[in-house]
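> Let me begin by handing over the structure; questions about it come next.
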Amino acid sequence: MEVTMDPLFLAWSYFRRRKLQQCSDICTKILQDNPYDQAAWSLKTRALTEMVYIDEVEVDQEGIAEMMLDESSIAQVARPGTSLRLPGTSQGGGPTPAVRPVTQSGRPITGFVRPSTQSGRPGTMEQAIKTPRTASTARPVTSASGRFIRLGTVSVHESASMLTNPDGPFINLSRLNLAKYSQKPSLSRTLFEFIFHHENDVKNALDLAAQATEHAQFKDWWWKVQLGKCYYRLGLYREAEKQFRSALNHQAVVDTYLYLAKVYQRLDQPITALSLFKQGLDQFPGEVTLLTGIARIHEEMNNIASATEYYKDVLKQDNTHVEAIACIGSNHFYTDQPEIALRFYRRLLQMGVYNCQLYNNLGLCCFYAQQYDMTLSSFERAMALVSSDEEQADVWYNIGQVAVGIGDLALAYQCFKLALAFNNDHAEAYNNLAVLELRKGRIEQSKAFLQTAASLAPHMYEPHFNLSILYEKIGDLQNSYTAAQKSEDAFPEHVDTQQLLKQLRQHFAVL
Amino acid sequence: MEACPGGGQWLDAHYDPVACVNTFSSCVALADLSGDGENRLVVGDVGGSGGMKLKVFGGTALLSDSSLLDLPAGLAAFFMDLHEPRIPAVAVASGPSVYVYKNLRPYFKFTLPGSEVNVLEQDVWQQVREGHIDHVTLKEMLESIRKQADVPLSVRSLHFLSLDAAATDEFVQLHKQQPIRRQTVITCIATLKKSTADEDGVSCLVIGTESSDVYILDPEAFIILSKMSLPDAPSMMDVTGQFDVEFRITVACRNGNIYILRRDSDKPKYCIELSAHPVGLVRVGKNVVVGCMDESLQAFTQKGKKLWSVVLPAPVTTMASMDLPTRGFQAVLVGLANCEVHLYRDKNLLSTIKTPDAISSICFGRYGREDGTLIMTTKSGGLIVKILKRTAAFEDRDGAHGPPPAQSIRLNVPKKTKLYVDQTLRERDCGAAMHRAFQMDLSRLRLAATKAYVKALESSLTPMSSSLTEPLKMNAVVQGLGPSFKLTLNVQNTAACRPVMNLAISFLYDESLYRMRNPYMRIPLLVPGLVYPVETFVECTSDKGISDIIKVFVLHEGRSVPLLTAHINMPVSEGVTLN
């Protein structure tokens, strides 16, 4: 006689081995036999939750409505260094846009793509609805390297509707007696996570959490954190803050610090978030996630120097931290030390990060560190690892840069055109192509390309400046002045723009 | 009080940010209007929020406020007779007339003589009056007169020419009976002592007009004593001397030249050609200091010799002279657009006053019983009064500067790392091998790039076409949150002069995901250099939160190969269609 394993034990084993579908199937069978088996029911909810679970602390992208219809900001013009919304409030000698490219919101691009670094906060509604909103279309140029490691589980909100069981939902929320479940601590937690993550029904989750915390006589920190999460999802940041604070009074947990800091960032209080992280570090010295949080805030506030310091602290604790390595690497690259950046990127390679962006960065670092023999082979590898048209465009664009560097303008021309063929919105390629066209003497084409680049990326100063120079050369001083002013808006410290403006003003004043 | 150098020399007497005074330096004067020894501030307010007013301030209060008929061009206080008590009259120049106020009551109005009228124009209007010609002919004839004649048309004819065809009839009926007059307008006004240099001596009015003439009026009879003509319309004027003895009128004209007129001739004696248009004109002693539009302050002698020139930090808004005869101190006050007032003696900057707003008029003199008072009005209508401290001393600062401060700032050049040195060693050792490897890779890459390029060209993958007959460029913009998106395709013909026609746009998309309002569109004729936006609407029919690429082709009629292709990455539709 064959000895069969206890099906619940088997399901539990599957669950631990993360074979979630099998686990859920077995639990379904057990529940068919005995619909009141609480253990199987609980395990199934957990399995289903795990399938769609994402780390709430990490994934956070502000929607357009939150960005544009923001009610929580009080002072419209924040003092420098106190807000995440004001670009260009740089305090600590970061590189200028002439050296390090900026994102649409006027911040230097980071070495690591996170949801919040993609597009920043657009200034106008027009810009907001024009901004590409998918993760793959916002252009982080090429220093993206760790995106796939951390954002492996993408689909955020829509996933719930796609992955439910074909034959009716597992739990029918509307018929659930929440009050009953909230009395049973063993079931209520898994049920809450199921409702919150799998069903994505924040309202019911909030109801359950409220009743459960009442049942626990407001003494259970876990339920308070869950309440805070629900409030955060609903956009009630002040309530969320209260719950997290109260949870921290019961029990200091790293997660709670991170959630609370997230609330403060959403409320645009980076200084408070920083001090909160520092408090957290007192409790948990050397905690990597807290250090990373500090570094990210510094980075978003344009304080690259101290951001790098904190990333270095992160690496002291965890020397395989991809984000820290990538950020320090790109910082070295843009502060004129490509040979050190090369070391960092090689470290990433050793750790097993193997993607197009990394080879792209390696290629550029090799080129600028004068290790020519490895430059082009890196790009070839990058080309072989391409997974989307945007990446292909970025690789061609970077090869174009190298071609400009070695003076092969014909190759550069082809590369930039190819970059545009793969990504029609590549403003940098348009700009560079325009410069090449101008060298060939094709003024009309050059002008058209520059105008396109300027309309695609109004945050870049280069197209405006080039356009201004072009207009000045063909004698259209009025347009030249307008373009120079736009360039000045994008990059106020640009000396060449200032000189051009001065020259134009003199032109206008002279009789 | 600000801590800035020079700020300590002034006392803040009064600042009213909402005094509602919109005026310029030419419409401001200080005079003892009631004969009690206290000077008042007379301002010709050009209006803005309210109407045009003649305002008188005493102390910190507005004493009187009377309406003006027309926009004031200039204002001057002068003694017109020898009666006691010695109360000056106020002359306000507006339009073609000078309105003289005594005791702040209208006293006399002097209107400039009309100018010569074009004989042909007069004839034409005569014929209209007699009904010989109709309006169309009138219009044509006036047009031809305007083009040919050396005497310009009257205001009425110019107005007629600017009217629509429908309104001409009524206009002619209304005005044809009146004779034609051609009236010039006053651009600037100043005073000139008649025969004595005393402070309270009788003065003549000097008037500059749009017709490039300068008139000197007798103060009692208001008859023209002298008429001089200039090459261009005057904009600013400065007068010194006495009419009966010898005088000099320095006039800045709109052509950017400064002319100096003297008693004995009716033509300018000297001419100073400036490098940029003058903004302010002040005489200091025997020299003329001019603030120019190119942010410079220049000084000239009476004979037009350039003495010095200073570059200012911002554009000049207004200028005035600061004259303290008791201390023998003469300097120039320059109001700048960066909210500062600079005080210059010769080319040396003596002090800087910071103001809360850019100032539009400035005036220094006796106000109330205080001799050294500085009165400024700001662009937003504020009034600032500052008093010079009795102890204030102005010292010429050394004009010669040391090396510029930027010279001592160290550049943030990163240190050469050990790694770098190691790499250079490697480069030195195996340079040849590296070069060979690079060259080989480069050739391979060139080949790969060319292959990809040819492929892109053959299938017209690029968003621009470089063919000689149809050089086009297109970029696409997607707007909207979903499920409806607006798709704007900006098509541009980049040829130098040749238009492109017979083009069409079509789309390639996943029909299970998107629905397009019009998937085929004709493009109009494309004029070179202009951007043609072509718009259409796309509806996302899926609620799965997925997005796709839409391909756009620009086609030439009768040819199957597209001229260019654009790929549009559609955003994820965030809106959910209501059921």
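> Looking at (1) at the interface with chain A (Cβ under 9 Å from one of its Cβ atoms); (2) within 30 Å of A:Leu376 (Cα to Cα); (3) exposed (fewer than 11 other Cβ atoms within 10 Å of the Cβ); (4) not basic (Lys, Arg), which is the one condition that is false for B:Asp429?
It fails just one condition, (1).
> Identify the residue in the stretch B:443-476 that is in contact (Cβ under 8 Å) with a residue 60 or more places away in the chain and assigned to a loop (DSSP other than H, G, I, E, B) and, among all such residues, is farthest from the chain's Cα centre (by Cα).
Selected residue: B:Ser459.
> Examine the stretch B:167-186 for a residue that is assigned to a strand (DSSP E or B) and either of a type in the set (S, T, N, Q) or modelled with pLDDT of 85 or more (or both), and state whether such a residue exists. Break it down stepwise before answering.
In the first step, residues of the stretch B:167-186 are kept if they are assigned to a strand (DSSP E or B); the result is B:182, B:186.
Narrowing the set further to residues that are either of a type in the set (S, T, N, Q) or modelled with pLDDT of 85 or more (or both) leaves B:186.
Scanning the stretch B:167-186, I find at least one residue that is assigned to a strand (DSSP E or B) and either of a type in the set (S, T, N, Q) or modelled with pLDDT of 85 or more (or both), so the answer is yes.
> May I pose another question? Hey, among the residues in the stretch A:306-327 that are surrounded by fewer than 24 Cβ atoms within 10 Å (Cβ to Cβ) and either within 18 Å of B:Pro414 (Cα to Cα) or touching a residue at least 40 places away in the same chain (Cβ under 8 Å) (or both), which one's nearest to the chain's Cα centre (by Cα)?
Restricting to residues being surrounded by fewer than 24 Cβ atoms within 10 Å (Cβ to Cβ) and either within 18 Å of B:Pro414 (Cα to Cα) or touching a residue at least 40 places away in the same chain (Cβ under 8 Å) (or both), the top hit is A:Glu323.
> Restricting attention to the stretch A:465-494, which residues are free of Cβ contacts under 8 Å to residues at least 40 places away in the same chain and either more than 17 Å from A:Arg505 (Cβ to Cβ) or within 14 Å of chain B (Cβ to nearest Cβ) (or both)?
A:Asn466, A:Leu467, A:Leu470, A:Tyr471, A:Lys473, A:Ile474, A:Asp476, A:Asn479
> How many residues does the stretch B:434-463 contain that are among the hydrophobic types (A, V, I, L, M, F, W, C) and more than 7 Å from chain A (Cβ to nearest Cβ)?
Here the count works out to 5.
> It is to be established whether one or more residues within the stretch A:442-459 are more than 12 Å from chain B (Cβ to nearest Cβ) and either among the hydrophobic types (A, V, I, L, M, F, W, C) or out of contact with any Lys or Arg (no Cβ under 6 Å at 6 or more places or on another chain) (or both).
Taking every residue of the stretch A:442-459 in turn, at least one turns out to be more than 12 Å from chain B (Cβ to nearest Cβ) and either among the hydrophobic types (A, V, I, L, M, F, W, C) or out of contact with any Lys or Arg (no Cβ under 6 Å at 6 or more places or on another chain) (or both).
> I would also like to ask the following. Please go through (1) crowded, with 24+ Cβ neighbours inside 10 Å; (2) modelled with pLDDT under 90; (3) more than 27 Å from A:Ile469 (Cα to Cα) for A:Tyr368 and return the number of the only condition it doesn't satisfy.
That leaves (1) as the condition not met.
> With the structure loaded, tell me whether B:Gly95 is closer than 30 Å to B:Cys20 by Cα and surrounded by 19 or more Cβ atoms within 10 Å (Cβ to Cβ) or whether it fails that test.
Taking the combined requirement at face value, the residue does not satisfy it.
> Same structure, new question: Could you go through the stretch A:203-213 and let me know if any residue there is among the polar types (S, T, N, Q) and more than 32 Å from the chain's Cα centre (by Cα).
Yes, that holds for at least one residue.
Every residue, every condition in (1) away from chain A (no Cβ under 12 Å); (2) out of contact with any helix residue (DSSP H, G or I) (no Cβ under 9 Å at 6 or more places or on another chain); (3) among the small types (Gly, Ala, Ser), yes or no:
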residue: B:Ser506; (1), (2), (3): yes, yes, yes
residue: B:Pro524; (1), (2), (3): yes, yes, no
residue: B:Ser542; (1), (2), (3): no, yes, yes
residue: B:Leu555; (1), (2), (3): yes, yes, no
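> Go through the stretch A:345-389 and count every residue that is touching a Pro at 6+ places or on another chain (Cβ under 7 Å) and either at the interface with chain B (Cβ under 10 Å from one of its Cβ atoms) or not in a helix (DSSP H, G or I) (or both).
Looking only at that region, the number is 1.
> So which residues in the stretch B:475-484 are in contact with a helix residue (DSSP H, G or I) (Cβ under 9 Å, 6 or more places away or on another chain) and more than 7 Å from chain A (Cβ to nearest Cβ)?
B:Val478
> I want to confirm something. Restricting to the stretch A:405-416 and keeping residues that are under 19 Å from A:Arg442 (Cβ atoms) and surrounded by fewer than 18 Cβ atoms within 10 Å (Cβ to Cβ), which single residue is nearest to the other protein chains (Cβ to nearest Cβ)?
For the stretch A:405-416, the residue satisfying everything is A:Ala410.
> Where residues in the stretch B:351-390 are touching a helix residue (DSSP H, G or I) at 6+ places or on another chain (Cβ under 7 Å) and not basic (Lys, Arg), which of them is surrounded by the fewest Cβ atoms within 10 Å (Cβ to Cβ)?
B:Leu388
The values are calculated or read from the model by the stated rules, or taken from the named source; none is laboratory data. Quick caveat, the model's predicted, so the values are computed rather than measured. Note that each Cβ is placed from the backbone with ideal geometry, even for glycine, and that neighbours are counted across all protein chains shown.
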